[in-house]
Amino acid sequence: MRYLSNVTTLTLDGSRCVGCGSCTLVCPHGVYALNGKKTQIVDRDGCMECGACQTNCPTGAISLTPGVGCASYIIKSWTKGKNKASCGPSLCC
Amino acid sequence: MLETLENKNNCCSPPKQQEDFGPLQILPMYTPPKEEDEVCCGPKPAPPSSPYERPGYEVCSFVEGFINTARGPVPRIKTNLDGSDHLGSLMVRLGINRNNYKVAPGLYALGTPNAGSNVLVTANYKLSFDTLRQELTGIDAWILVLDTRGVNVWCAAGKKTFSSGEVIRQVKQNHLDQVVSHRTLILPQLSATGVSALEVKRGSGFEVIWGPIQAGDIKPFLEADLKAEKKMRQVTFGFRERLVLTPVEVTLLLKYLLWVIPLLFILSGIGPQLFSLTDLWHRGLAAASAVLLGILSGSILTPVLLPWVPFRAFSAKGAVTGLMTGLCLISLFFRTVVLLPALALMLLIMAVSSYLAMNFTGCTPYTSPSGVEKEMRKAIPLQTASALLGLIFWVVSAFIGPMN
């Protein structure tokens, strides 16, 4: 299943990548693959910006704005402000 | 207050004892001696209390005994679910007691684990816990349950309650370093959003191994020496996975329907005679059906038929399913095509369906926040316009001519 293309905030700084492969393990959408001693983005539009790769990158080579792709959460963050918004108890989380 | 909460959270875990118990030893559950049949008034009394119960604590129904470890008795959990577990799952799926369906955090034993057995870490949402223990039938392992406030692994990781700090805290609080001789923890891959393997290693000395996404893949993962195949690392969102999420979506809407439906009936009564009870009933029924169909298409049909509905944006998918059900409704209510009321209902159905389908993005494991925001900025003005126009056309149509 695919969502919108060209929307992710994901960027990878190849010069800082040490090729540990953590991102390839934690990404639930197969966005990364190891190419020799460096990681590579192979499916950029598969990214759902969960932030697992960023949290587990030891050198800070990955940057993105993580969040939940949940409309009801985004509406709450517009109306109540980012800090007070939560996606529960309505909807899934 | 804090103390009461603490007690509540720990109600299911056995009291911690500080003495050294030496080697692992299984403590069987207490089976009361068979009572002789007695003639007595009233129903049979409940069985005697288990010797593991303590004042203020209760042994949970999923505990089948205790196992003695270097750090005191650890509850052994059953791998089969009983009636109360299934009932609990059903209620949660329907949206009942969903925000308080949890187990006490801490260490549990599966089968007969020893100091060399694997430690699997999970959330304290009982649905997650039940899935895990059921999938691990026949495996000897330790289960370390984190306090994720009764939220599932992925959502808890997103909310940062399934975090490096919480893993470290539970490892220390349960003296895991004394219970097991190795230094590895198996964490669900989907918790990586909240957990940094590096931080856990620094804070607890335990190395994190990312387990598979699905609990059902844990057995093959363990058999393959903690190696997950590529497909175990990719999230899926199959028919069944989508289907089980739909009842909650609908039940959450019931509270809005309590005022929306009466309002629609009243609105439908407005007409050339100022207010008509016949119209209230007949036209109100049509308008209410439109909203209910909008809910059906947005919260049930769109999620279930997700991959087959055209367009990638959920709001567009919802509009498509709304159009389909709308056409069915119109063919049912209008014997001849009357443009204005038909258009009004169509706009209403599509607005409701599109909005609800858009809200389903929160339940999917593949929509990015940037994408959702992008579609919302376009869709919300359209949905609002469509709903308002629909209502205006509906009221106006009553003045133009009879429905049929």
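The values are calculated or read from the model by the stated rules, or taken from the named source; none is laboratory data. It should be emphasised that the depicted structure is a prediction, and the values quoted were computed from it without experimental measurement. Because the Cβ atoms are built from the backbone with ideal geometry, glycine has one as well, and the counts that use them run over all protein chains shown. Note: areas computed on protein heavy atoms with side chains; ligands, DNA, RNA excluded. Shrake-Rupley method; radii C 1.70, N 1.55, O 1.52, S 1.80 Å.
Check A:Leu4, A:Leu12, A:Leu25 and return the single one that is of a type in the set (A, V, I, L, M), within 9 Å of chain B (Cβ to nearest Cβ), surrounded by 15 or more Cβ atoms within 10 Å (Cβ to Cβ) and more than 16 Å from B:Gly371 (Cα to Cα). Spell out the reasoning first.
Numbers: A:Leu4 fails: more than 16 Å from B:Gly371 (Cα to Cα); A:Leu12 fails: within 9 Å of chain B (Cβ to nearest Cβ).
The conditions single out A:Leu25.
Can you go through B:Leu332, B:Leu323, B:Leu348 and tell me which one is open to solvent by 20 Å² or more (accessible area, probe 1.4 Å), in contact with a helix residue (DSSP H, G or I) (Cβ under 8 Å, 6 or more places away or on another chain) and in a helix (DSSP H, G or I)? Reasoning before the result, please.
Values: B:Leu332 fails: in contact with a helix residue (DSSP H, G or I) (Cβ under 8 Å, 6 or more places away or on another chain); B:Leu348 fails: open to solvent by 20 Å² or more (accessible area, probe 1.4 Å).
Result: B:Leu323 is the single residue among B:Leu332, B:Leu323, B:Leu348 that is open to solvent by 20 Å² or more (accessible area, probe 1.4 Å), in contact with a helix residue (DSSP H, G or I) (Cβ under 8 Å, 6 or more places away or on another chain) and in a helix (DSSP H, G or I).
Pairs, please: C-beta under 9 Å, at least 6 apart or cross-chain, first residue assigned to a helix (DSSP H, G or I) and in segment B:393-404, second at pLDDT 65 or above and of a type in the set (S, T, N, Q)?
Close Cβ pairs (under 9 Å, with a partner that is at pLDDT 65 or above and of a type in the set (S, T, N, Q)) amount to B:Trp394/B:Ser268; B:Val395/B:Ser268; B:Ala398/B:Ser268; B:Ala398/B:Ser276.
Of the residues that make up segment B:160-167, is at least one within 14 Å of chain A (Cβ to nearest Cβ), within 17 Å of B:Ile186 (Cβ to Cβ), aliphatic (A, V, I, L, M) and in a loop (DSSP other than H, G, I, E, B)?
No: zero hits.
Please go through segment B:176-201 and pick out each residue that is touching a Ser or Thr at 6+ places or on another chain (Cβ under 9 Å) and surrounded by fewer than 20 Cβ atoms within 10 Å (Cβ to Cβ). Break it down stepwise before answering.
Going through segment B:176-201, the residues touching a Ser or Thr at 6+ places or on another chain (Cβ under 9 Å) turn out to be B:176-180, B:182-183, B:185, B:187-188, B:191-200.
Result: B:Asp177, B:Gln178, B:His182, B:Arg183, B:Leu198, B:Glu199.
Being at the interface with chain B (Cβ under 7 Å from one of its Cβ atoms), open to solvent by 50 Å² or more (accessible area, probe 1.4 Å) and among the aliphatic types (A, V, I, L, M) is the requirement here; does A:Met48 meet it?
Details: at the interface with chain B (Cβ under 7 Å from one of its Cβ atoms): yes; open to solvent by 50 Å² or more (accessible area, probe 1.4 Å): no; among the aliphatic types (A, V, I, L, M): yes.
Taking the combined requirement at face value, the residue does not satisfy it.
From B:Gly65, B:Gly56, which residue is on the phi > 0 side of the Ramachandran plot, assigned to a strand (DSSP E or B) and not basic (Lys, Arg)?
Details: B:Gly56 fails: assigned to a strand (DSSP E or B).
Of B:Gly65, B:Gly56, the one residue that is on the phi > 0 side of the Ramachandran plot, assigned to a strand (DSSP E or B) and not basic (Lys, Arg) is B:Gly65.
Among the numbered criteria (1) more than 14 Å from chain A (Cβ to nearest Cβ); (2) crowded, with 24+ Cβ neighbours inside 10 Å, which single criterion is violated by B:Ile300?
Of the numbered conditions (1) more than 14 Å from chain A (Cβ to nearest Cβ); (2) crowded, with 24+ Cβ neighbours inside 10 Å, the odd one out for B:Ile300 is (2).
Please verify whether segment A:57-70 includes one or more residues that are part of a helix (DSSP H, G or I) and either more than 9 Å from every other protein chain (Cβ to nearest Cβ) or at pLDDT below 95 (or both). Show your work before the answer.
Of the residues in segment A:57-70, the ones part of a helix (DSSP H, G or I) are none.
Checked against the condition, which is being part of a helix (DSSP H, G or I) and either more than 9 Å from every other protein chain (Cβ to nearest Cβ) or at pLDDT below 95 (or both), segment A:57-70 yields no hits at all.
Looking only at segment A:51-70, how many residues end up being within 14 Å of A:Val7 (Cβ to Cβ) and open to solvent by less than 40 Å² (accessible area, probe 1.4 Å)?
Number of matching residues: 3.
From B:Leu94, B:Leu132, which residue is surrounded by 22 or more Cβ atoms within 10 Å (Cβ to Cβ) and under 18 Å from the mean Cα position of the chain (by Cα)?
The match here is B:Leu132.
Going by the structure shown, is B:Ser353 outside any loop (DSSP other than H, G, I, E, B), out of contact with any Leu (no Cβ under 6 Å at 6 or more places or on another chain) and open to solvent by 70 Å² or more (accessible area, probe 1.4 Å)?
Numbers: outside any loop (DSSP other than H, G, I, E, B): yes; out of contact with any Leu (no Cβ under 6 Å at 6 or more places or on another chain): yes; open to solvent by 70 Å² or more (accessible area, probe 1.4 Å): no.
So B:Ser353 does not fit the description; no.
Can you tell me which residue among B:Leu81, B:Leu120 is modelled with pLDDT of 90 or more and over 27 Å from B:Lys172 (Cα atoms)?
Numbers: B:Leu120 fails: over 27 Å from B:Lys172 (Cα atoms).
Exactly one residue qualifies, and that residue is B:Leu81.
Right, B:Pro247: open to solvent by 10 Å² or more (accessible area, probe 1.4 Å) and within 14 Å of another protein chain (Cβ to nearest Cβ) or not?
Working: open to solvent by 10 Å² or more (accessible area, probe 1.4 Å): yes; within 14 Å of another protein chain (Cβ to nearest Cβ): yes.
Considered against the rule, which asks whether it is open to solvent by 10 Å² or more (accessible area, probe 1.4 Å) and within 14 Å of another protein chain (Cβ to nearest Cβ), B:Pro247 comes out as yes.
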